[in-house]
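> Here you go, one structure.
The values are calculated or read from the model by the stated rules, or taken from the named source; none is laboratory data. Since the structure is predicted, the reported quantities are computational estimates derived from the model, not experimental observations. We place every Cβ from the backbone using ideal geometry, glycine too, and count neighbours over all the protein chains shown. We work out accessible area using only protein heavy atoms, side chains counted, and drop any ligands, DNA or RNA first. Shrake-Rupley method; radii C 1.70, N 1.55, O 1.52, S 1.80 Å.
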Amino acid sequence: MFVGIYNEYSAKGGFRDLADDVVAYERAGADITYVAEVYTFDAVSQLGALAALTSRIRLGSGILPIYTRTPALLAMTAAGLDHVSEGRFVLGLGASGPQVVEGFHGVPYDAPLARTREIVDVCRQVWRRERLVHQGKHYRIPLPESEGTGLGKPLKLINTPVRDRIPIMIASIGPKNVALTAELAEAWQPFFFLPEKAKDVWGQALADGAAKRLDGLPPLQIEAQAVFRITDDPGPVLDSMRPTLALYLGGMGAKGRNFYNDLARRYGYEAEAEQIQDLYLAGKKTEAEAAVPESLLRAISLVGPASYVRERLAAHAEVGVTTITITPSGASRAERVRTVEQFRALADEI
């Protein structure tokens with residue numbers, strides 16, 4: 001079981017504090033660290049700095065929204081980060097959602113699956129240093145004469161990438177998106193992962209994608225995220241998760257257009273998901289948080305005595321999870337590092 005670290009974009013302190021934490025997590029045995037990018041500081045500049053300050057830990061974008069950069073720029077960026085990290089970069093991609101894509105970037109949120117497929121194809125062409133020619137429905141490279149000056153010509157990346165196949169991780173939760181991930185990507189990042197429901201919710205999609213998996217790709221890696229804490233009193237930690245769950249289940253989208261709410265329903269929390277969304281959209285955030293079921297909080301987290309956490313880790317491993325990413329807790333760096341060391345020790349038992 002690999003140990004991942006998710007760096008909060010809303011964490012207090014400056015970048016130097018975050019960077020010093022990552023250096024310490026690397027020494028504590030973490031395998032990969034992710035820098036988020038939503039409507040925040042960009043992830044790329046931070047990942048470049050972390051590449052210079054670390055030597056072993058892998059560095060991932062978690063995630064770069066597919067609508068915010070051209071396919072060629074995504075490929076160039078990934079190759080550049082793989083260059084400065086000497087082959088330690090993982091390109092995390094995802095569609096994000098219409099609230100961010102249209103509300104912050106001002107571009108239409110359309111055809112996420114088809115765009116993802118085309119972007120993956122373009123990236124891998126660029127990394128192989130082929131002259132880039134891609135005539136898809138959503139991206140046409142070079143741009144046809146009828147749409148531009150007619151002076152564009154196929155070009156290949158000037159530099160030789162460290163690797164001609166940089167690992168791609170796709171964040172996805174819908175059945176069609178998950179099938180596409182299993183077909184095209186090296187890794188899959190689900191959200192609010194509940195291992196006991198994984199087969200029922202995603203089993204068919206994963207199988208459909210695996211049946212069409214591209215030749216030469218290694219087995220799909222599964223990277224889950226979870227809140228982790230060794231404690232005999234899990235209640236306060238679980239309660240601290242309520243605002244995030246309420247935001248995603250209630251506020252990330254509109255009625256009928258909330259991917260996370262749909263996922264909770266597929267987990268069997270149909271009535272609860274509807275209640276949370278109704279309360280949140282009505283401005284009753286505190287009531288929405290209180291409505292998040294404790295059973296769901298427990299099921300998607302790693303919070304409790306060490307023996308309980310071991311059981312939950314085993315449940316993840318049983319359904320194929322290969323990496324679990326946590327956000328280290330603690331008021332001081334020493335406490336946060338101790339959290340990573342604890343998790344590393346438990347993961348090594350799996």
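> Mind giving me the FRET efficiency for residue 322 and residue 287? R0 is 51 Å, r the Cβ-Cβ distance, nearest 0.05 is fine. Can you show the working numbers first?
Working: r = 38 Å, r/R0 = 0.75.
Computed FRET efficiency for residue 322 and residue 287: 0.85.
> While we're on this one: From the residues 3, 40, 343, which one has its Cα farthest along the dipole of the chain in the positive direction, the dipole being from +1 and -1 charges on Cβ of Lys/Arg and Asp/Glu about the Cα centre?
40
> What dipole magnitude, in Debye to the nearest 20, does segment 143-292 give about its Cα centre under +1 on Lys/Arg Cβ and -1 on Asp/Glu Cβ?
Numbers: 17 positive and 20 negative charges, 91 e Å.
The dipole of segment 143-292 has a size of about 440 debye.
> Given a Förster distance of 30 Å, report the FRET efficiency between residue 349 and residue 113 from their Cβ-Cβ distance, rounded to the nearest 0.05. If you can, show how the numbers build up before the last one.
Working: r = 38 Å, r/R0 = 1.27.
FRET efficiency, residue 349 to residue 113: 0.20.
> Take every Cα pair under 8 Å in the chain that's 6+ residues apart, average their separations, divide by the length, and report that relative contact order as a whole percent.
On the way: 593 pairs, mean separation 62.2, N = 350.
Relative contact order here is 18 percent.
> Kindly provide the helix-only [θ] at 222 nm of the chain, computed as the sum of -39,500 (n - 2.57) over DSSP H runs of four or more divided by all residues, to the nearest 500 deg cm²/dmol? Don't skip to the end; give the middle numbers.
Working: 15 runs with 161 residues, N = 350.
Per the formula, -14000 deg cm²/dmol.
> Further question: Using a simple spin-label model with points 7 Å from Cα along the Cα→Cβ vector, what separation in nm is obtained for residue 40 and residue 151?
Roughly 4.0 nm, to one decimal.
> Here is a further query. Three principal axis extents, largest first, for the C-alpha atoms of segment 200-297, in Å?
Per principal axis, max minus min of the Cα coordinates gives 50, 38, 19 Å.
> Please give the contour-minus-distance gain from residue 211 to residue 20: 0.36 nm per residue of separation, less the Cα-Cα distance, rounded to one decimal in nm.
Details: separation 191, 0.36 × 191 = 68.76 nm, distance 4.31 nm.
This chain segment gains 64.4 nm when fully extended.
> Now, a different point. What Kirkwood radius, in Å to one decimal, follows from the Cα pairs of segment 65-122? The partial results should precede the final answer.
Values: mean 1/r = 0.0822 Å⁻¹.
Result for segment 65-122 stands at 12.2 Å.
> Give the ranking of 272, 183 by solvent-accessible surface, highest area first, calculated with a 1.4 Å probe. Don't skip to the end; give the middle numbers.
Numbers: 272 65, 183 20 Å².
Per-residue accessible area, sorted high to low, gives 272, 183.
> Where nothing but the Cβ of Lys and Arg (+1) and of Asp and Glu (-1) is charged, how large is the charge dipole of the chain around its Cα centre, in debye to the nearest 20?
Details: 39 positive and 42 negative charges, 194 e Å.
Here the chain has a charge dipole of around 920 debye.
> Taking N as the number of residues in segment 142-214, what is its Cα Rg relative to 2.2 N^0.38 Å?
Values: Rg = 18.1 Å, N = 73, 2.2 N^0.38 = 11.2 Å.
So segment 142-214 has a normalised radius of gyration of 1.62.
> I need the calculated FRET efficiency for the pair residue 294 and residue 335, taking r as the beta carbon distance and R₀ as 22 Å, to the nearest 0.05. Working shown, then result.
Details: r = 26 Å, r/R0 = 1.16.
Between residue 294 and residue 335 the formula returns 0.30.
> Dipole of the chain (Lys/Arg Cβ +1, Asp/Glu Cβ -1, origin at the Cα centre): which of 116, 296, 126 lies farthest to the positive side?
The Cα lying farthest towards the positive end belongs to 126.
> May I pose another question? Restricting to segment 1-145, compute how many DSSP beta bridges are antiparallel as a %, nearest 5.
Values: 2 of 14 bridges.
Counting only bridges with both partners in segment 1-145, antiparallel ones make up about 15 percent.
> Where the only charges are on Cβ atoms (+1 Lys, Arg; -1 Asp, Glu), what is the dipole of segment 96-208 about its Cα centre, to the nearest 20 debye? Before the final figure, lay out the partial values.
Working: 15 positive and 13 negative charges, 91 e Å.
In total the dipole reaches around 440 debye.
> Which of 203, 224, 181 sits closest to the plus end of the dipole of segment 140-247, meaning its Cα is farthest towards the positive end, when Lys and Arg get +1 and Asp and Glu get -1 on the C-beta?
The listed residue farthest towards the positive side: 181.
> Here's something else I'd like to know. Suppose we keep just the alpha-carbon trace of the chain; what are its Rg and Dmax in angstrom?
20.4, 68
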